[in-house]
Amino acid sequence: MHAFYHKLLLFFLIALTVCKPAASQDTAFRAKHAAIVFPYPMIYEKWRSSIGFTLLTTPEDITEEVRIRIPCGDFRVLRRISDRLELDGRVMFQILQNHFSLGARYVLPVSEKLFLSAGDDIGYWFGILKLSGFDSKASGWANYPNASVGYRTKKNLLITLAGQVSFNYNYQAANGQNKFSAKEFYYNGETFTLALEQPFVNKKHLTLAVSGIYNYFYWQTWSLYYRTNRKVFYPQVTVALIL
Amino acid sequence: MALCLIACKKEYEVIMPDTSTWADFNSTQTTPIPFASRTPMEGIYGLTAGASTFGEITAIKWSYAIRGADTTYHLSGFFGTDIAYFICEGKRLHDSLLFNGYWRKMVSTQSGIMRLTINPTNGSNILLGSAPVVDSNKVTIAGVFGNGNDEPRQPISFTYQRKLHKDPTTFHILAHRSGGRSSDLLPVSENSVAMILKTPEFGSTGIEIDVRMTKDGVPILYHDNNLNLRLVQKSGLIGPIENYTYDQLNAFVRLIHGERIPTLREALNAVLYQTPLTFVWLDTKYVGPMDKVQAMQTEFLQKAAAAGRNLQIVIGLPTEDALNDFLKLPNYASTPALCELSLDDVKKTNAKIWAPRFTEGTQNANVDLVHAQGRLAFVWTLDVPGFTEQFIREGKFDGILSNFPSNVAFYYYAKR
């Protein structure tokens with residue numbers, strides 16, 4: 001199945017290179033404070049950032065009656081490299097476990113309303129749990145090829161549909177003095193996100209997103225279990241204020 | 001669209017292959033494998049075909065279960081790759097031994113048919129002899145395996161190398177919730193009699209079961225606080241299981257694979273009279289007097305002794321509440337118990353066994369302390385293969401509780 005997603009990403013990359021870009025940019029539209037997920041080119045600014053949180057529901061058939069819903073802080077920053085190329089950094093912090101990712105994405109305006117992007121991020125997560133009965137820590141690396149389609153409505157409501165696949169590798173764990181590592185590079189699953197970015201208050205803009213994460217292993221649940229025997233569905237909500 | 005996105009949830013299952021199509025195995029000329037042929041076959045075998053799927057070695061072990069008037073013997077093979085195993089029944093066809101069953105990988109939903117043979121040139125003549133003794137390279141089990149219900153065509157073969165490892169003292173391979181969780185996609189439900197009868201095939205020598213009380217004080221097996229779709233089929237009943245009498249549960253509730261919720265008595269009867277299991281860990285999931293469970297523990301320990309069965313039954317103390325209820329028993333000090341809490345609590349309750357969580361490591365110093373007191377030490381619930389291997393190789397625990405007893409069995413029996 002992951003071959004399908006490779007082909008999809010390849011399609012996006014080819015589309016991005018062969019598609020004729022929009023003939024003109026809307027110079028009146030300042031995207032700086034309006035888009036972080038939406039694949040809008042960074043023509044007028046060097047930096048964009050947002051701060052917010054995500055909320056995930058753990059799958060009942062795996063975590064059973066332990067239903068954990070702890071908000072995860074979410075800080076994201078974009079740095080312009082060129083009109084269409086951006087560095088994309090993200091920090092998701094939950095104290096006991098945290099996730100960092102850094103990558104690049106290529107943005108292509110197809111028309112004044114339609115935008116595409118393709119990118120790839122490298123992620124690193126780690127967790128530490130030293131409470132009664134636990135003397136555990138774990139970490140791992142991941143790779144996230146991704147692509148998105150954005151549509152800008154007449155009233156500058158930005159709608160983005162994004163897809164991402166993940167590959168995990170170099171999982172390391174320790175319990176007490178015992179250590180374990182798995183160097184295996186494996187396909188972990190995919191994530192689909194629907195995001196809306198819109199005006200909020202005082203000219204600030206808001207990102208609202210819902211994601212469906214289908215993974216064998218998700219870093220936030222590292223202390224509960226290792227890889228599952230099939231992809232598990234994690235619904236996630238993201239709320240962020242674009243700075 | 002957002003609702004569609006978040007509502008998508010695929011239901012997974014593992015195919016239990018149809019193993020009834022092997023003509024040779026179904027032949028009317030087959031007979032049971034002689035009792036004397038089984039145990040000598042047990043051992044560590046090296047794979048000469050199929051290693052890319054299953055790994056380099058396998059641990060082969062027999063088990064049995066009694067259902068009604070029939071005793072069924074199963075040959076299980078435990079692999080080190082992907083928590084794989086196979087489970088086969090065996091028959092004799094003239095001078096050959098046939099084994100028919102299925103394989104499964106617990107890290108995924110992969111499964112398939114497994115058909116194996118030992119023919120005279122590969123050692124069946126040794127096994128069918130009057131006093132079989134198997135030496136290295138003298139017995140080869142060969143056959144084919146497939147995927148799902150596909151006709152098996154991929155070759156697999158393995159040759160006897162050495163005996164199964166055995167510690168000087170008993171090592172307990174304990175199956176969580178009698179065999180595994182619902183999420184492990186096993187063909188029977190957790191905490192059921194069906195699972196108790198199946199668990200020896202997974203390499204289990206003992207089980208952990210979750211004990212709760214119904215509204216009318218009947219001890220039953222059930223893990224969660226509430227009736228929920230993770231464990232039971234849809235019925236009209238919801239909420240805490242303690243809100244219902246046993247008759248209500250028996251009439252209206254079925255576990256996800258259709259079984260009834262068993263009483264503790266039914267479960268212990270099954271263990272004692274229908275399996276070779278030697279250990280039962282009664283995990284106390286209820287708050288309240290323990291006298292009924294203690295009485296049943298005493299009753300079945302006496303029955304086991306009368307039947308000449310080696311069987312231990314311990315009351316598990318996972319919480320302070322359970323510990324305090326246990327201490328209210330008039331003769332708690334002589335009641336076999338397993339304590340998950342601190343070493344001081346183990347002394348306070350005079351528990352036979354200390355059982356910490358695996359997340360604090362092998363804790364060899366503490367295990368030595370416990371052994372010096374004449375107690376045993378178990379660890380729970382160990383599922384990551386890398387840690388299972390380490391705990392068996394470097395640890396001093398007397399038992400490991402796992403959702404993957406086949407994995408514990410592999411690393412224990414393959415230990416050098």
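Values in this text are rule-based calculations from the coordinates and carry no lab data. As the structure is a prediction and not an experimental result, all values here were calculated from the model. Please note: Cβ atoms are built from the backbone with ideal geometry, for glycine as well, and neighbour counts cover all protein chains shown.
Things to note:
- Other-chain or far-sequence residues with amide H under 5 Å of B:Leu227's (modelled H): B:Gly239, B:Ile241
- Legend: distances between Cα atoms for A:Lys130/A:Lys179; B:Lys166/B:Lys396; B:Lys105/B:Lys163; pairs beyond 21 Å are B:Lys105/B:Lys163.
- Plainly put, segment B:47-109 has a radius of gyration that is 1.03 times its Kirkwood radius, both from alpha-carbon atoms, as the Rg/Rh ratio.
- Over segment B:345-416, equivalent-ellipsoid semi-axes from the Cα gyration tensor in Å: 22, 12, 10
- Per-selection Rg to Rh, chain A - Cα, Kirkwood hydrodynamic radius: 0.99
- Under 20 Å from the Cα of B:Lys348 - lysines, other chains or at least 8 residues apart: B:Lys328
- Of all aspartates and glutamates in the structure, the ones whose alpha carbon falls short of 18 Å from that of A:Lys113, not counting any fewer than 8 places away in one chain, are A:Asp26, A:Asp83, A:Glu197.
- Evaluated at q = 0.10, 0.13, 0.14 Å⁻¹, the base-10 log of the normalised Debye intensity for segment B:172-413, with identical point scatterers placed on the Cα atoms, takes the values -0.45, -0.77, -0.90.
- Reach of A:Lys204 by Cα under 17 Å, taken over lysines that are not fewer than 8 positions away in the same chain: A:Lys32, A:Lys155
- Charged-residue dipole, Cβ positions (Lys, Arg, Asp, Glu), segment A:75-133 about Cα centre, Debye nearest 20: 180
- Near the amide H of A:Asn188, within less than 5 Å, lie the amide hydrogens of A:Ser166, A:Phe167, A:Asn168, all on another chain or at least 5 residues away, with H placed in the peptide plane.
- Rg/Rh for the protein assembly as shown, where both radii come from Cα atoms and Rh is the Kirkwood radius: 1.03
- Computed about the Cα centre, the dipole magnitude for the protein assembly as shown is approximately 1540 debye when only Lys and Arg (+1) and Asp and Glu (-1) carry charge, each at its Cβ.
- Counting other Cβ atoms within 10 Å as a rough exposure proxy, the listed residues B:Cys339, B:Cys88, A:Cys72 run A:Cys72, B:Cys88, B:Cys339 from fewest neighbours to most.
- With the convex hull drawn around the C-alpha atoms of segment A:105-175, the volume per residue stands at 103 Å³.
- Angle between chain A longest axis and helix A:2-18 axis [Cα atoms, degrees, rounded to 10]: 20
- Inverse of mean 1/r across different Cα pairs in segment B:183-327, Kirkwood, Å: 15.6
- Degrees separating the helix B:264-274 axis from the principal Cα axis of chain B, which is the longest one: 30
- Counted by Cβ distance under 13 Å from B:Leu221, the other residues give a net charge of -2, where Lys and Arg count +1 and Asp and Glu count -1.
- Dipole axis of segment B:23-162 (+1 Lys, Arg; -1 Asp, Glu on Cβ), positive-most option in B:Ala36, B:Gly123, B:Ala84: B:Ala36
- Neighbourhood net charge (9 Å Cβ-Cβ; Lys/Arg +1, Asp/Glu -1) for A:Leu243: +2
- Once both labels are positioned 7 Å from their Cα atoms along Cα-to-Cβ, the gap between B:Ala23 and A:Lys203 label points is 8.4 nm.
- Using the Karplus relation 6.51 cos²θ - 1.76 cosθ + 1.60 with θ = phi - 60°, the per-residue 3J(HN,Hα) values for segment A:53-66 come to 8, 10, 9, 10, 9, 6, x, 4, 6, 9, 8, 6, 7, 8 Hz, with x marking Gly and Pro.
- Shape parameters for chain B, alpha-carbon atoms, Rg then Dmax in Å: 22.2, 71
- Segment A:Leu87-A:Glu112, length gained on full extension (0.36 nm per residue, minus Cα span): 6.7 nm
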